[in-house]
Structures are given as structure tokens and as C-alpha cells.
Amino acid sequence: MSETRVTSAASVSGIGATVDDLVTGWRMGDVWRTFAWDEIQSRYRRSALGLSWIAISYLIFVGGISLFFGGFSSKSGAGFVHHVAIGYAAIMFMIGNLSEGCAVFRGSASWIQSTSMPYSVYVYKGIARSSFPFVIQLSIALTVMVFTGWRPTLMVLWAIPALAMILITSIAVQLALGFIGARFRDVQHLILSVQRLLIFITPVLWVLEEREGMIRAIAMVNPFTHYLQVFRAPLLGDMPDPLSVLAVLGLTVAAWALALVVSSRMRKRLPFWI
Amino acid sequence: MALIHVDNVTLVHPVHGQFSPSLQRGDAPTRLVKNAAGKLVGVKALDKISFTLERGSRVGIVGRNGSGKTTLLRVLAGILTPDVGSVTVEGRSTNLININLGTKDDASGHRNITLQGLAHGHSRAEIEARRGDIEAFSDLGAFLDLPVNTYSAGMRMRLSFAIATAFKPEVLLLDEWLSAGDEQFRQKAGERMKSFVAEAGILVLASHSSALLKQNCTSAIWLEEGQVRMEGPVDDVLAAYRDSFGEAQSKSSA
């Protein structure tokens with residue numbers, strides 16, 4: 001087995017090098033899945049309840065919110081629980097991409113500085129790792145919903161392309177933020193500050209259709225609202241708003257355009273920044 | 001088939017932030033790189049380096065601290081990219097440049113064999129096929145079931161060296177730390193490096209130890225301030241390198 005590697009400023013920069021990185025990294029699925037699983041395990045290593053903490057903390061939050069905020073919504077008791085259960089799992093995954101994106105390369109500095117693996121491997125690894133709690137939480141949500149009167153319709157299938165769009169955007173967001181966060185250290189502080197706010201200005205704890213004026217206007221310019229709406233509405237048996245569908249398509253294209261430009265220009269110097 | 005071709009490589013290590021004004025003056029060290037406005041933007045780590053290594057070469061890299069040895073190895077490994085020039089490496093390369101990088105400290109030795117094997121592009125089947133060899137060569141026994149953060153520096157090195165060489169790389173890039181091993185392991189490592197170079201691989205070893213270089217290398221490259229000062233048979237280069245110490249001393253006492 002022989003291979004030839006040529007490294008020069010031209011060969012590692014540009015869109016071509018970025019696409020090549022993304023494709024080669026994707027093919028190394030065994031690597032990023034194994035690393036992701038290893039990180040999940042080490043995060044809960046030596047805790048007695050281990051991975052069940054993912055389920056416990058989720059149930060505590062959704063249960064608490066449903067009790068305290070349920071009265072503020074016109075949705076019936078169970079309907080509001082479903083709304084929060086899905087919304088919370090999805091928003092935590094989506095905004096998690098922001099802070100994890102900033103650290104996606106810095107957290108893997110040890111490997112980036114010692115191997116020539118494609119950088120996208122670290123992005124796929126990060127998303128695989130954060131998908132794990134998301135999948136568990138979603139399974140719990142659906143189980144709870146079935147026991148509280150939820151009956152899925154064919155409409156549910158629309159959640160699948162919505163989920164695909166969320167994942168595809170996550171790759172672009174983490175890739176772009178990985179480079180930006182490594183170069184500009186202020187970005188992660190900014191993101192941590194905004195992240196907390198995002199849970200409240202996205203319709204997770206409240207229902208978009210029940211709001212008017214300022215609150216609604218802010219929610220509508222918040223990209224997370226649209227991703228959340230197109231994913232959650234079909235699961236709850238509603239057709240997603242066409243405006244949100246268009247917004248998601250546009251935002252996904254925009255996120256990828258940003259990621260390709262950032263990566264093309266910044267990837268050459270990444271090892272120096274982390 | 002292995003070949004390394006380094007063509008006119010220049011690499012500037014970028015720096016960001018504010019620095020002491022003395023660094024921005026005219027008499028500052030010449031390796032500092034400034035932009036048009038006179039602001040410090042980087043340090044020139046490698047400066048117009050060119051050389052070719054044919055199959056079967058065993059090359060030592062010598063030079064004082066900061067002469068660019070490790071940077072050169074990282075460029076050869078494809079970790080860093082030169083600003084100018086290009087590096088061509090034919091053959092599967094493995095590097096052992098920093099012992100503390102590329103290991104997962106809270107995972108066991110066995111788990112690290114899997115992770116490092118995967119990270120270097122090997123399949124699970126290949127890794128399992130080599131596991132016995134890695135166990136035997138590292139000689140770590142039951143320690144392989146303990147987390148790597150319980151290992152001494154020497155033990156870490158044995159594990160990393162065993163993993164890196166078990167997969168029969170065609171190009172092996174090693175930095176100084178081979179000297180962390182005890183005498184017995186150094187001999188074992190030396191034999192393994194010889195046998196793999198005999199199979200037409202290339203060994204590049206950066207070190208400050210003349211003994212280690214003479215034992216493992218046939219030729220050498222002497223780096224000074226990021227440039228190739230001399231290239232030739234290992235004994236000649238080491239002799240000239242050692243003579244330069246006297247030169248530097250008489251210069252500083254004059």
C-alpha cells in the first residue's frame with residue numbers, strides 16, 4: 001500500500017481542500033464513532049448512575065417546567081408537556097452546537113497536533129457525541145407522549161427531513177465556529193452569554209402561536225425558532241409553517257456558505273491557534 | 001516505496017496579540033516577521049529548506065533549541081503546512097513527535113491501542129492483528145488494562161513506540177523523546193528501527209544525543225535558525241556541529 005501526500009499552502013487551502021476534508025473525514029466513520037463513544041463513556045465514568053443521568057436530568061427539567069409553566073399556556077396539560085418535551089430536547093442539541101463548535105478543534109488539540117487526520121473528523125465526532133443524549137431524550141419524550149394520549153399521524157414523517165436539516169446545519173455551524181473560536185477567543189464568551197438567552201427567546205417554554213408583538217417578532221428573527229418549528233410541528237400533528245420551511249432551507253445554505261469560506265481561508269493555520 | 005522531497009519550505013509561526021515594543025525595533029532578532037506596518041506577526045521557524053531523502057535513509061536532525069527541528073518534523077508529518085514551498089511524502093508515515101499528544105489519558109492502554117490505531121488510519125481488523133505484537137513489544141503486561149495516566153514517561157513512550165511501529169510505517173518521524181526509555185528498551189527500539197529501514201523505509205530522528213544519532217542514523221541534517229547549515233554523513237555533521245560550540249564560545253568571550 002503506497003500513498004503520496006503533498007503539502008503546500010495551495011494544497012490545504014480553498015474550497016476544494018475543504019470539500020476533500022469533509023468527504024475523507026466522513027469515510028472515517030469508524031474513527032469518529034469510536035472517539036465519540038469513548039468521550040460519552042469518559043464523561044460519565046465513575047458516576048454511580050452513569051449514562052442514566054442523561055435521562056434523569058431531562059425528566060427533572062421537563063417535569064418541572066410542565067408543572068410551573070403549564071398554567072400560562074392555553075394548550076391542554078398533556079399538549080403543553082409534549083410541546084416542552086420535544087422542544088427542550090431539540091433546542092439543547094441545537095444550541096449545544098454553538099458552544100461545542102467553539103471548542104471542537106481546541107478540545108482535540110492533542111490529536112490535531114499529532115496526526116494528519118482530516119479536521120472534519122473532529123466535527124463529526126462532536127456531533128455524534130451530542131446526538132447521543134438527544135436521541136435518548138427524544139425517545140423518552142416519545143414514550144411519555146404515547147402514554148399521555150399522543151397518537152402519531154403520517155405527518156410525523158415530515159420530522160425526518162427536518163431532523164436531517166438540523167444535522168446538516170450542525171456540521172456547518174461546528175466547522176465554522178471551530179475555526180473562528182480557535183482564532184478569536186472572545187467568540188466563545190459571547191456564545192456562552194447568548195446561549196442562555198436563546199432558550200428563552202425560542203418558543204420552547206411558550207407557544208409561538210399564542211404570542212403577539214415584540215416577543216413574536218424576536219422569535220421570528222431567531223434562526224432556532226424555524227428549525228425547532230419544522231421539527232416539532234409534524235411530531236405534534238401540525239403542518240409546519242411554510243415560512244419556517246423556507247427559512248430553514250435558506251439558513252442551511254447560508255450556514256454552509258459561511259463554513260466553506262471560513263474553512264477555506266483558515267484551515268491552514270489551525271494547528272497554531274489551538 | 002518511500003521518498004521525502006522538501007522543496008524550498010518556509011514556515012512562519014504566527015503570533016497574535018500585543019508584544020513588548022523592544023520586539024518591534026530594528027535590532028530585534030532577524031527571525032521575527034513583521035507586516036508592512038511594523039507589527040510583529042510571526043516567527044520564521046523554517047527558512048527556505050530543501051532536501052530529498054531516498055528510500056532506506058536513516059537521517060538525524062541536529063541543531064540547537066529553537067533551530068526548527070520539531071517544526072520540520074511536523075511539516076514532514078503533514079500536521080503543519082508550509083507558507084512557501086511544498087513537501088512530498090511517498091509512503092505511509094507515522095510520527096512520534098510529542099509523547100503527551102495523541103493519547104487519551106483516562107482510557108486504558110488497550111483502548112489507546114485501538115484509538116491511536118484508528119487515528120492513524122488502520123482498520124479494526126488490522127489493529128486486532130497487531131495487538132499481540134504491541135503487547136509483546138511494549139512489555140507493559142497487565143498495565144495495558146490501566147489508564148494511561150498511571151504510566152510513567154518511559155512506559156508511555158514504550159506504548160506509543162510499539163503502536164507506531166507495529167503497523168510497519170514506510171516513513172517514521174521521531175523526536176527526541178526516544179531517550180526516555182531505559183537502556184534495554186533503547187536497544188530494542190534501535191533494532192526495530194533498523195529492520196524497518198532495511199525494508200526500504202525512511203527514518204527521520206531529531207535528537208540532541210550524539211550517541212542515539214550515531215546508533216540509529218547514517219546521515220544527518222544540521223539546522224540553524226531555521227535553515228539547513230549542513231547535510232552529510234552523520235559523523236561529519238556531528239563533528240562540525242560540535243566544533244561550532246567552540247566557535248560560539250570564542251565569539252561570546254571575545
field: Any pair with Cβ under 6 angstrom, 6 or more apart, that starts in the range B:128-140 at a residue that is in contact (Cβ under 8 Å) with a residue 12 or more places away in the chain and at negative phi and ends at one that is charged (D, E, K, R) and in a helix (DSSP H, G or I)
entry: B:Ser138/B:Arg158
- prompt: Any idea which residue in the range A:175-200 is surrounded by the fewest Cβ atoms within 10 Å (Cβ to Cβ), counting only those that are out of contact with any Cys (no Cβ under 9 Å at 6 or more places or on another chain) and closer than 19 Å to A:Ala90 by Cα?
  reply: A:Arg196
message: Going by what's in this entry, would A:Val31 be described as in a helix (DSSP H, G or I) and away from every other protein chain (no Cβ under 14 Å)?
response: no
- request: Of the conditions (1) modelled with pLDDT of 90 or more; (2) farther than 27 Å from A:Gln229 by Cβ; (3) crowded, with 17+ Cβ neighbours inside 10 Å, A:Arg33 clears all except one; give me its number.
  value: (3)
message: Return the residues of the range A:94-132 that are part of a helix (DSSP H, G or I), of a type in the set (A, V, I, L, M) and under 26 Å from B:Leu174 (Cα atoms); say none if nothing qualifies.
response: A:Ala109, A:Ile112, A:Val121
field: Residue check for A:Ser170: in a helix (DSSP H, G or I), loosely packed, with under 14 Cβ neighbours inside 10 Å, away from every other protein chain (no Cβ under 14 Å) and hydroxyl-bearing (Ser, Thr, Tyr)
entry: no
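Taking A:Trp53, is it part of a helix (DSSP H, G or I) and more than 10 Å from every other protein chain (Cβ to nearest Cβ)? Talk me through it step by step, then tell me what you get.
Values: part of a helix (DSSP H, G or I): yes; more than 10 Å from every other protein chain (Cβ to nearest Cβ): yes.
In short, yes.
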message: Being of a type in the set (Val, Ile, Thr), at pLDDT 90 or above, in contact with a helix residue (DSSP H, G or I) (Cβ under 7 Å, 6 or more places away or on another chain) and farther than 19 Å from A:Val84 by Cα narrows it down to one residue among A:Ile180, A:Ile274; which is it?
response: A:Ile180
task: Could you tell me whether A:Ile91 is farther than 30 Å from B:Asp175 by Cα and under 18 Å from the mean Cα position of the chain (by Cα)?
output: yes
- request: Scan the range B:152-163 residue by residue and report those that are touching a helix residue (DSSP H, G or I) at 6+ places or on another chain (Cβ under 7 Å) and either more than 18 Å from B:Met193 (Cβ to Cβ) or without any contact (Cβ under 8 Å) to a residue 12 or more places away in the chain (or both).
  value: B:Ala153, B:Met155, B:Arg156
- prompt: What is the one condition in (1) within 9 Å of another protein chain (Cβ to nearest Cβ); (2) touching a Pro at 6+ places or on another chain (Cβ under 6 Å) that B:Arg111 does not satisfy?
  reply: (2)
message: Restricting to the range B:126-138, name every residue that is of a type outside the set (Lys, Arg) and away from every other protein chain (no Cβ under 11 Å).
response: B:Glu128, B:Ala129, B:Gly132, B:Asp133, B:Ile134, B:Glu135, B:Ala136, B:Phe137, B:Ser138
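Looking at the range A:1-28, which of the residues that are outside any helix (DSSP H, G or I) and under 20 Å from A:Arg265 (Cβ atoms) is farthest from the other protein chains (Cβ to nearest Cβ)?
A:Ser13
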query: Looking at the range A:196-274, what helices (runs of 4 or more DSSP H) fall wholly within it and have at least 1 residues that are closer than 30 Å to A:Met117 by Cα and free of Cβ contacts under 8 Å to residues at least 24 places away in the same chain?
result: A:242-266, A:270-273
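If I filter the range A:62-73 for residues that are in contact with a Ser or Thr (Cβ under 7 Å, 6 or more places away or on another chain) and either within 30 Å of B:Asp105 (Cβ to Cβ) or surrounded by fewer than 18 Cβ atoms within 10 Å (Cβ to Cβ) (or both), do I get at least one hit?
No - not one qualifying residue is present in the range A:62-73.
The values are calculated or read from the model by the stated rules, or taken from the named source; none is laboratory data. What you are looking at is a predicted structure, and each value in this text was computed from that prediction instead of being measured. Ideal geometry is used to build each Cβ from the backbone, glycine not excepted, and the neighbour counts take in all protein chains shown.
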